[in-house]
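The values are calculated or read from the model by the stated rules, or taken from the named source; none is laboratory data. This structure is a prediction, so every number in the text was calculated from the model and none was measured. We place every Cβ from the backbone using ideal geometry, glycine too, and count neighbours over all the protein chains shown. Please note that ligands, DNA and RNA were not included when accessible areas were found on the heavy atoms of the full protein model with its side chains. Shrake-Rupley method; radii C 1.70, N 1.55, O 1.52, S 1.80 Å.
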Amino acid sequence: MTRHAGTSDRNSTLRAAAARGAAAGLVGVAAMTVAEKLEQAVTHRPSSYVPARALLTLLGREPSDRDTPATWNHAMHWGTGALLGALRGVWAAIGIRGSHANATHTVVRLAFDQTVENATGVGAPPASWPGPERRVDLAHKTLYSFVTGLVADRWIAPRLQSRRGVTSH
């Protein structure tokens with residue numbers, strides 16, 4: 001395999017962007033967590049432990065629907081935020097930035113959560129949820145993605161933005 005000049009620098013930049021993006025994702029999770037707690041104080045909606053149950057299932061355990069493993073919930077909550085923040089950090093470095101990127105990232109976040117939760121069998125498709133539950137989930141994940149994106153775009157320069165391929169041919 002032939003290495004092009006700058007491949008090492010490019011990889012280094014992408015790794016650094018992913019690390020900063022993960023940190024931006026943690027900022028996004030913090031904002032989402034505060035918003036969730038405020039919303040729950042007003043609506044009296046209980047905490048969901050589906051994320052924890054999905055993580056435990058991925059790890060080979062078989063949690064029941066009655067299990068409320070708070071530590072595992074935090075691990076999934078913050079871990080997913082950091083993981084998808086890393087993706088958003090790479091996007092910022094390659095020029096996928098701004099409100100359009102934030103909106104797209106919201107879809108990625110929702111899709112990731114639903115894929116994991118439904119593939120493990122511990123969640124139900126959002127179409128089966130009551131409307132208010134879908135709206136709350138969308139609002140919280142939107143907040144996460146927009147805060148993550150704002151921080152990532154501020155912390156990470158678009159050093160690797162390409163102008164190649166701007167046409168279809």
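Being free of Cβ contacts under 8 Å to residues at least 12 places away in the same chain and part of a helix (DSSP H, G or I): is that true of VAL42 here?
Spelling it out, VAL42 is indeed free of Cβ contacts under 8 Å to residues at least 12 places away in the same chain and part of a helix (DSSP H, G or I).
Restricting attention to segment 55-73, report how many residues are over 22 Å from ALA18 (Cβ atoms), part of a helix (DSSP H, G or I) and not hydroxyl-bearing (Ser, Thr, Tyr).
Residues meeting the conditions: 4.
Under 24 Å from ALA31 (Cα atoms) and surrounded by 15 or more Cβ atoms within 10 Å (Cβ to Cβ): which single residue out of ALA70, ALA103, ALA152, ALA157 fits that description?
Within the list ALA70, ALA103, ALA152, ALA157, the selection yields ALA152.
Condition check ((1) open to solvent by less than 40 Å² (accessible area, probe 1.4 Å); (2) of a type in the set (Phe, Trp, Tyr)) across all residues:
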position	(1), (2)
TRP78	no, yes
ALA86	yes, no
ASN118	no, no
PRO125	no, no
TYR144	yes, yes
THR148	yes, no
SER168	no, no
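Return yes when SER162 is modelled with pLDDT under 95, open to solvent by 30 Å² or more (accessible area, probe 1.4 Å) and of a type in the set (Gly, Ala, Ser) and no when it is not.
Judged against the criteria, SER162 is a match.
Would you mind stating whether SER12 is of a type in the set (S, T, N, Q), out of contact with any Asp or Glu (no Cβ under 7 Å at 6 or more places or on another chain) and part of a helix (DSSP H, G or I)?
yes
Quick one: which residue in ALA93, ALA18, ALA52, ALA101 is over 21 Å from PHE146 (Cβ atoms) and either out of contact with any strand residue (DSSP E or B) (no Cβ under 7 Å at 6 or more places or on another chain) or in a helix (DSSP H, G or I) (or both)?
Only one candidate passes the filter, namely ALA52.
Which residues, taken from segment 116-169, are β-branched (Val, Ile, Thr) and either in contact with a helix residue (DSSP H, G or I) (Cβ under 9 Å, 6 or more places away or on another chain) or more than 30 Å from SER12 (Cα to Cα) (or both)?
Those that are β-branched (Val, Ile, Thr) and either in contact with a helix residue (DSSP H, G or I) (Cβ under 9 Å, 6 or more places away or on another chain) or more than 30 Å from SER12 (Cα to Cα) (or both): VAL116, THR120, VAL122, VAL136, THR142, VAL147, THR148, VAL151, ILE156.
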